[in-house]
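These notes are about the structure you will find just below.
Rule-based calculations on the coordinates, nothing more; no lab input. As the structure is a prediction and not an experimental result, all values here were calculated from the model. We place every Cβ from the backbone using ideal geometry, glycine too, and count neighbours over all the protein chains shown.
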Number of protein chains: 2
Amino acid sequence: MSENPPSTVPGLTPGSAADAPLPASLASTVVAVLGGTGPQGRGLARRFAAAGVPVVLGSRSAERAQEAATELDGLAGAVTGQDNAGAAAAGDVVVVAVPWDGHADLLRGLAGELAGKVVVDCVNPLGFDKRGAYVLEVEEGSAAEQAAALLPDSTVVGAFHNVSAVKLDDPDLAEVDTDVLVLGEGEDRETCDLVQDLAAVIPGVRGIYGGRLRNAHQVESLTANLISVNRRYKAHAGIRITDLGEQR
Amino acid sequence: MSENPPSTVPGLTPGSAADAPLPASLASTVVAVLGGTGPQGRGLARRFAAAGVPVVLGSRSAERAQEAATELDGLAGAVTGQDNAGAAAAGDVVVVAVPWDGHADLLRGLAGELAGKVVVDCVNPLGFDKRGAYVLEVEEGSAAEQAAALLPDSTVVGAFHNVSAVKLDDPDLAEVDTDVLVLGEGEDRETCDLVQDLAAVIPGVRGIYGGRLRNAHQVESLTANLISVNRRYKAHAGIRITDLGEQR
């Protein structure tokens with residue numbers, strides 16, 4: 001009998017090597033990225049593909065998605081492109097990285113394609129004026145809760161809100177120095193574990209459970225503060241959660 | 001002529017030694033802590049006093065404030081106790097660390113004492129139920145904005161929202177592994193710098209400018225997520241901001 005591998009807490013061991021094996025939770029999982037031609041979506045797609053995850057980029061235009069996919073293909077995981085509906089249908093886990101403006105309409109139109117799937121909402125409802133970024137009120141409470149309301153047959157979690165798109169999309173940057181807070185309902189523990197594992201395929205990143213969806217809005221909104229930090233300190237800031245130790 | 005010391009960005013060099021000199025911005029500054037007998041207020045008072053800052057603890061009961069002060073006195077900075085109004089009158093910088101319930105009433109009653117002063121609001125408007133902590137709506141937007149509305153003759157900043165009271169108040173813990181986001185208006189830059197310096201007298205802590213008061217609510221609210229993190233990982237979590245480099 002072979003020994004069991006040491007059990008680890010989901011997400012807390014960040015990816016490190018490009019050729020590290022994927023966690024068992026992600027074996028044969030296809031990740032679709034809606035809004036995959038925008039900076040955040042493209043950056044996430046790059047990192048997932050580099051870790052060996054098969055990725056389907058979605059965009060309003062299938063042609064632009066295919067162009068972007070061609071640029072990213074050749075990393076460890078195959079990258080293809082389709083329109084958002086095609087990508088939603090193709091993915092097992094569907095990452096929503098579209099602008100806030102249009103978030104509700106897009107999801108409403110894809111409720112059928114997304115039924116039964118894991119939907120990972122990364123959207124930050126922010127406005128911008130000459131004083132910088134500010135938080136938009138969301139009737140449902142947060143972008144993630146809006147997604148959950150519009151997609152009653154999907155399992156919605158929030159994640160990847162505070163990760164610098166610039167750093168994700170920089171092929172010369174080996175590690176991204178940030179944690180990802182994963183928000184989801186207590187009864188969706190397994191799905192949150194999966195998304196924590198997905199975050200942790202990115203070298204340097206840990207996926208940390210950060211509470212229920214009712215506590216998603218402040219995580220989405222914190223991106224406004226990071227924009228202020230970036231402006232003041234000329235940085236591409238991220239966040240780390242302290243005191244988690246090794247957590248094995 | 002003596003050489004100028006190297007200029008540093010306010011707050012970004014954390015305190016390290018108990019006998020390190022205070023930054024020039026804090027010379028002869030008395031810090032009052034309203035709610036100084038609660039866990040957060042007491043923890044902050046302990047750390048400020050340990051760094052050599054003179055502290056006046058405030059509490060509803062002058063007697064309890066004096067008792068708590070006696071326990072903390074004997075650190076590097078003198079600690080005395082008064083009722084909240086007396087402490088507000090005695091401090092140059094007044095830290096508000098009271099429970100959310102009662103925040104408005106307390107500040108409304110102290111507007112005179114607090115006129116012309118720096119008021120540092122640390123209050124997190126949170127509710128608790130069997131599912132954990134959740135965010136309370138605040139008519140003014142945030143506790144810090146409520147303070148600013150009630151104290152038109154004070155300079156209000158928000159800070160110290162996400163720091164573990166347990167860690168602050170542990171005399172055996174040499175360093176607190178967290179950053180403090182300081183929120184304040186752009187035109188109050190000097191005051192924000194001062195509060196960043198105050199944060200950084202705590203060993204291990206950096207004080208980081210985190211944006212305007214309109215972006216305070218999500219920083220206050222993030223404490224709900226840290227409570228979820230603490231529950232899941234059995235931690236006393238804090239946050240760090242990444243990518244700030246040395247910032248000298």
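Computed from backbone phi with θ = phi - 60° and the Karplus coefficients 6.51, -1.76 and 1.60, the 3J(HN,Hα) list for segment B:157-173 is 10, x, 5, 6, 6, 10, 8, 5, 4, 4, 6, 4, 8, 9, x, 8, 9 Hz; x is used for glycine and proline. Computed from phi, the 3J(HN,Hα) profile of segment A:21-29 under the Karplus parametrisation 6.51, -1.76, 1.60 (θ = phi - 60°) reads x, 6, x, 4, 4, 9, 4, 6, 9 Hz, with x in place of Gly and Pro. In the protein assembly as shown, one over the average inverse separation of all distinct C-alpha pairs is 23.4 Å, which is the Kirkwood hydrodynamic radius. Backbone geometry of segment B:197-210 corresponds, through the Karplus equation with coefficients 6.51, -1.76 and 1.60 at θ = phi - 60°, to 3J(HN,Hα) couplings of 5, 5, 4, 7, 6, 7, x, x, 8, 10, x, 10, 5, x Hz, x marking Gly and Pro. Over the residues of chain A, the helix contribution to mean residue ellipticity at 222 nm works out to -9000 deg cm²/dmol, using -39500 (n - 2.57) for each DSSP H run of at least 4. The calculated FRET efficiency for the pair A:GLU190 and A:ASP105, based on their C-beta separation and a Förster distance of 35 Å, comes to about 0.70.
Report, as a whole number in µm² per second, the diffusion coefficient that Stokes-Einstein gives for segment B:118-200 at 25 °C and 0.890 mPa s using the Kirkwood radius over alpha carbon pairs. Rounded to a whole number, D works out at 172 µm²/s.
Please identify the trypsin sites (Lys or Arg not before Pro) of segment A:80-146 that satisfy two criteria: DSSP loop assignment and at most 15 other Cβ atoms within 10 Å. Which are they?
Hits after loop and neighbour filter: A:LYS130, A:ARG131.
Express in % the proportion of alpha carbon pairs of segment A:191-245 at distances exceeding 16 Å. Every Cα pair in segment A:191-245 considered, those over 16 Å come to 57 percent. Evaluated at q = 0.10, 0.13, 0.16 Å⁻¹, a Debye calculation over the C-alpha positions of chain B (equal weights, vacuum) places log10 I(q)/I(0) at -0.43, -0.74, -1.17.
Stretching A:ARG64 away from A:GLU139 to a fully extended chain increases their span by 23.8 nm, per 0.36 nm per residue minus the current alpha-carbon distance.
Relative intensity of segment B:105-248 on a log10 scale, I(q)/I(0) at q = 0.15 Å⁻¹, equals -0.80, per a Debye sum over C-alpha point scatterers of equal strength in the absence of solvent. Whole-percent P(r), segment B:46-181, all Cα pairs, 10 Å bins from 0: 12, 38, 37, 12, 0. For B:ASP153, the point set 7 Å out from Cα toward Cβ sits 6.4 nm from its twins in the other copies, listed from shortest up. For segment A:75-95, the residues whose backbone nitrogen is under 18 Å from a point 7 Å from the Cα of A:ALA115, taken along Cα to Cβ, are A:85-94. Considering all different alpha carbon pairs of segment B:12-112, the Kirkwood hydrodynamic radius works out to 13.4 Å.
Note on the protein assembly as shown: lysine pairs with Cα distance below 30 Å, sequence gap of 8 or more or different chains, count 10. Per residue of B:202-214, other chain Cβ atoms within 10 Å of the residue Cβ number 4 on average. Selection among A:ALA51, A:ASN84, A:LEU110 by position relative to the dipole of segment A:39-114 gives A:ALA51 as farthest towards the positive end (Cβ unit charges, Cα centre).
Overall, segment B:51-174 carries a charge dipole of about 120 debye about its Cα centre when +1 sits on the Cβ of Lys and Arg and -1 on the Cβ of Asp and Glu, all other atoms neutral. Note on B:ASP92/A:ALA76: beta-carbon distance plugged into 1/(1 + (r/R0)^6) with R0 of 56 Å gives a FRET efficiency of 0.45. A DSSP coil position with no more than 12 other Cβ atoms inside 10 Å describes the following trypsin sites (Lys or Arg not before Pro) in segment B:186-235: B:LYS234.
Modelled label positions at A:LYS234 and B:SER28, each set 7 Å beyond Cα in the direction of Cβ, lie 3.6 nm from each other. Amide H contacts of A:GLY211 (H built 1.01 Å from N, in plane; Pro and chain starts excluded): A:GLY184 sit under 5 Å, all sequence-distant by 5 or more or on other chains. Only the Cβ atoms of Lys and Arg (+1) and of Asp and Glu (-1) were treated as charged; on that basis the dipole of segment A:174-228 about its Cα centre amounts to roughly 200 debye.
Sites counted here are GluC sites (Glu not before Pro) in a DSSP loop (not H, G, I, E or B) having no more than 14 other Cβ atoms within 10 Å; the longest part of chain A that contains none of them is A:4-136. Since only B:GLY186, B:PRO171, B:ALA200 are under comparison, the one whose Cα sits farthest along the positive direction of the charge dipole of segment B:163-220, derived from C-beta charges on Lys, Arg, Asp and Glu, is B:GLY186. Counting from the shortest, the label point at A:GLU67, 7 Å from Cα toward Cβ, is 7.2 nm from the same position in each remaining copy.
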